Amino acid sequence: MPKTLAIDFDGVIHAYSKGWQDGTIYDPPLPGSLEAIRSLMETYAVFIHTTRDAGAVAGWLADHGFDTVLDVDGPTHPKRQFWNDLGALLVTDRKLPAVAYIDDRGIRFTNWDQALTDLQDATQ
């Protein structure tokens with residue numbers, strides 16, 4: 001079974017140069033992001049997590065050549081608890097279990113003293 005990798009959308013794939021705005025996906029992909037995702041998908045089950053409308057993100061990624069799967073909640077398609085499929089890119093509004101999370105706003109946790117110091121440094 002492949003290992004799962006999570007990738008944030010805004011600031012990691014989508015340049016996000018103007019911030020949230022009205023939720024519109026207005027920028028092109030960050031240089032190298034699409035190629036990196038394609039490469040990672042050869043080894044990992046990759047999912048994209050976002051606070052945006054997951055359907056809009058899935059459509060944007062499909063427009064850029066990805067086979068996307070939308071994590072929907074409904075009577076015939078309950079939201080997934082895990083993602084372990086190679087070759088398709090899941091798009092969801094949740095952080096599922098993964099071996100690593102690639103995110104532009106993350107703080108790596110090793111202990112609380114370090115985390116609080118890193119948070120203070122990042123917000124100054």
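Inside the stretch 83-100, can you point out the residues that are over 22 Å from GLY59 (Cβ atoms) and touching a Ser or Thr at 6+ places or on another chain (Cβ under 7 Å)? Hits for the stretch 83-100 are ASN84, PRO97, ALA98, VAL99.
Within this structure, VAL46 fails the test of being within 11 Å of the chain's Cα centre (by Cα), part of a helix (DSSP H, G or I) and modelled with pLDDT of 95 or more. Screening ARG38 against (1) in a loop (DSSP other than H, G, I, E, B); (2) over 28 Å from ASP121 (Cα atoms) leaves a single unmet condition, (1).
In the stretch 78-94, of all residues being in a strand (DSSP E or B) and not β-branched (Val, Ile, Thr), the one that is nearest to LEU40 (Cα to Cα) corresponds to LEU89. Out of curiosity, is TRP60 surrounded by 11 or more Cβ atoms within 10 Å (Cβ to Cβ), of a type in the set (Phe, Trp, Tyr) and touching a residue at least 60 places away in the same chain (Cβ under 8 Å)? It is false that TRP60 is surrounded by 11 or more Cβ atoms within 10 Å (Cβ to Cβ), of a type in the set (Phe, Trp, Tyr) and touching a residue at least 60 places away in the same chain (Cβ under 8 Å).
Scanning for something in a helix (DSSP H, G or I) and buried (at least 20 other Cβ atoms within 10 Å of the Cβ), does the stretch 19-31 turn up at least one residue? No, there is no match, as no residue in the stretch 19-31 is in a helix (DSSP H, G or I) and buried (at least 20 other Cβ atoms within 10 Å of the Cβ). Entry remark, the stretch 66-77: residues being surrounded by 10 or more Cβ atoms within 10 Å (Cβ to Cβ), assigned to a loop (DSSP other than H, G, I, E, B) and among the β-branched types (Val, Ile, Thr) number 1 in total.
Residue under question is ASP10, and the condition is that it be within 28 Å of ASP121 (Cα to Cα), at pLDDT below 95 and not small (Gly, Ala, Ser); does it hold? For ASP10, the condition - within 28 Å of ASP121 (Cα to Cα), at pLDDT below 95 and not small (Gly, Ala, Ser) - is not met. Considering only residues in the stretch 49-60 that are within 14 Å of ASP93 (Cβ to Cβ) and outside any loop (DSSP other than H, G, I, E, B), the one that is nearest to the chain's Cα centre (by Cα) turns out to be HIS49.
Scanning the stretch 21-41 for residues that are touching a residue at least 24 places away in the same chain (Cβ under 8 Å) and under 17 Å from ALA98 (Cβ atoms) yields a total of 3.
Any residue at all in the stretch 7-24 that is in contact with a helix residue (DSSP H, G or I) (Cβ under 7 Å, 6 or more places away or on another chain) and among the aromatic types (Phe, Trp, Tyr)? Yes, the stretch 7-24 contains a residue that is in contact with a helix residue (DSSP H, G or I) (Cβ under 7 Å, 6 or more places away or on another chain) and among the aromatic types (Phe, Trp, Tyr). Residue pairs whose Cβ atoms lie under 9 Å apart, separated by 6 or more positions or on different chains, with the first residue in the stretch 107-122 and closer than 18 Å to ASP8 by Cβ and the second part of a helix (DSSP H, G or I) and of a type in the set (A, V, I, L, M), are ILE107/ALA115; ILE107/LEU119; ILE107/ALA122; ARG108/ALA115; PHE109/ALA115. Just one residue in the set GLN124, GLN120 is at pLDDT 90 or above and either basic (Lys, Arg) or surrounded by fewer than 12 Cβ atoms within 10 Å (Cβ to Cβ) (or both); that residue is GLN120.
The values are calculated or read from the model by the stated rules, or taken from the named source; none is laboratory data. The model shown is predicted, which means the values in this text are computed figures rather than measured ones. Neighbour counts run over all protein chains shown; Cβ positions are idealised from the backbone, glycine included.
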